[in-house]
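Here is the structure we will look at, set down as structure tokens.
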Amino acid sequence: MSRDAAVSEQADSGWQRLLEFLGEADAEGEVYEGVRARLVGFFRWRGAVDPEGYADRVFDRVASKLAAGEAITARNPAAYLLAVARYIHLEGKKEEARLRVAAEASPSAEPVDEAPYEALEACLAELHPSQRALVLRYHAGSGRGRIDGRQAIADELGISLTGLRMRVFRIRQRLERCLRRCGASETDPADGA
Amino acid sequence: MKIVSEERRETTEPERRAYLLGRAEEAVQARVEVELFERPEVLEELLALEQDLAEAFVRDALDGADRAAFARRLATDPRLQDTLRVIQALDAAPREARADAARPETRRGWSTRRWLWAAPALAALALLVLVPRDEFTAKGAGEPAQVELTCLSTCEPGGRVALRLEAPPARPYVAIFVAERSALSWLTPASDAASGRVPADGLWPEGVVVPASGPLDVYVVFSAAPLTRKAVAAAVGDDLSGSPEVTLIRRRLEPEAGE
């Protein structure tokens, strides 16, 4: 076996052991994606400039340990990953601080869309009509009127305000993902833009 | 004296807000992060709270220190910028857009349609209109799920109504049964099997047979794991009201006095 092949085989073995460590055996990626989402959140809220890259670094670090035959005795895999994440965050803190200063030095942080609603229209059209109606109604009105309106929606649906809030949260998350997809396709070099 | 570890107390909303704004003390930060990794649902709770902060920021409802903290986070977090864009866009929606969305007849894609059929006993008297009612009864915690019905070839008794399903991401397994008068009949799972995943295209191949007379209730049960018929029945309950362990949706087909 060549050296490259041996390295590749060890990497695959490490990933396989990582998935087993996470209890991923039959879950077809759901456990892995769930843990990754929490790692990305952790790094975002710690102010990391590349949360997704850092999350991947956590998995790489653990997979390497497992591939090298090290035993991980932690009972809770997710808690162990948190510990590794904190460690990796500390390692990269100097680099983060340098990049954060550069970002704060740039003018206005608030994203400004000249036609904010028009930018979202295509994404709203992809929603189920009931979801579109719900999220637009949720954002209608202002001040006391908006609060009363939301209570009225919750009463109509027979759910609590918290339940309504979570429902709208998931719809807005879907809109965010759609905006990111649209943004990515607009800057695709293949389009010649 | 009983010592209660400070680490174990669940974090409060103000503590989580401070964490999201980057203003939490180290001990609070540690507790939030432990919760985040010990309880998967905490991620959604934090993201929802972050959306609330973005909405307050847009409406200028954050106090000076919080506003400044949010703005600092916004400067370096593209995901937060996306969140803000969505909030700003929804707030800026014109009145006509809200009115259009609120109209109940507005449908896209797989739209439910009216169809006419003549019940054998009443053919000489009146046409009965079988109308799928949008009784979206979703029970159980979890993301929105969708169930839509549409006639395939004929909408007369014996014809087939197709189901289009969209499962919540965390509950990809589906069981379907039909209640007609007091009788239940299962579409899936088979008697000796457990529920399977929703097909990738969301289309349930078998569909439902249009009854000779209505109403007909179609129950769709989404779950996080495969369930046998017995387990589905236990989760749904004798009164077919559902439980937090599953997402239950009912669609009713019923005759309506028509033209």
### Query
In the range B:61-91, what count of residues is obtained for those that are without any contact (Cβ under 8 Å) to a residue 24 or more places away in the chain, more than 7 Å from every other protein chain (Cβ to nearest Cβ) and closer than 19 Å to B:R23 by Cβ?
6
### Message
For B:E166, only one of the following conditions fails: (1) over 19 Å from the mean Cα position of the chain (by Cα); (2) open to solvent by 40 Å² or more (accessible area, probe 1.4 Å); (3) modelled with pLDDT of 80 or more. What is its number?
### Response
(1)
### Query
Name the residues in the range B:16-52 that are open to solvent by less than 20 Å² (accessible area, probe 1.4 Å), out of contact with any Leu (no Cβ under 7 Å at 6 or more places or on another chain) and free of Cβ contacts under 8 Å to residues at least 12 places away in the same chain, would you?
B:A48
### Task
For the range A:61-82, enumerate the residues that are over 20 Å from A:R46 (Cβ atoms) and not aliphatic (A, V, I, L, M).
A:S64, A:K65, A:G69, A:E70, A:T73, A:R75, A:N76, A:P77
### Query
Within the set of pairs 6 or more residues apart or between chains, which connect a residue that is away from chain A (no Cβ under 14 Å) inside the range B:164-179 to a residue that is acidic (D, E) with Cβ atoms less than 6 Å apart?
B:A179/B:D217
### Query
Do we have any residue at all in the range B:15-22 that's at pLDDT 95 or above, over 22 Å from A:G141 (Cα atoms), part of a helix (DSSP H, G or I) and of a type in the set (S, T, Y)?
yes
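For the range B:68-93, which residues satisfy the criterion of being of a type in the set (V, I, T) and farther than 11 Å from A:L179 by Cβ?
From the range B:68-93, those of a type in the set (V, I, T) are B:76, B:83, B:86-87; that's our starting set.
Within the range B:68-93, B:T76, B:I87 qualify.
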### Task
Residues being open to solvent by less than 20 Å² (accessible area, probe 1.4 Å) and more than 22 Å from A:E156 (Cα to Cα): count how many of those fall in the range B:83-104.
6
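The values are calculated or read from the model by the stated rules, or taken from the named source; none is laboratory data. The structure displayed is predicted, hence computed values, not measured ones. Neighbour counts run over all protein chains shown; Cβ positions are idealised from the backbone, glycine included. Quick note on the areas: whole protein, heavy atoms, side chains included, nothing else; ligands and nucleic acids left out. Shrake-Rupley method; radii C 1.70, N 1.55, O 1.52, S 1.80 Å.
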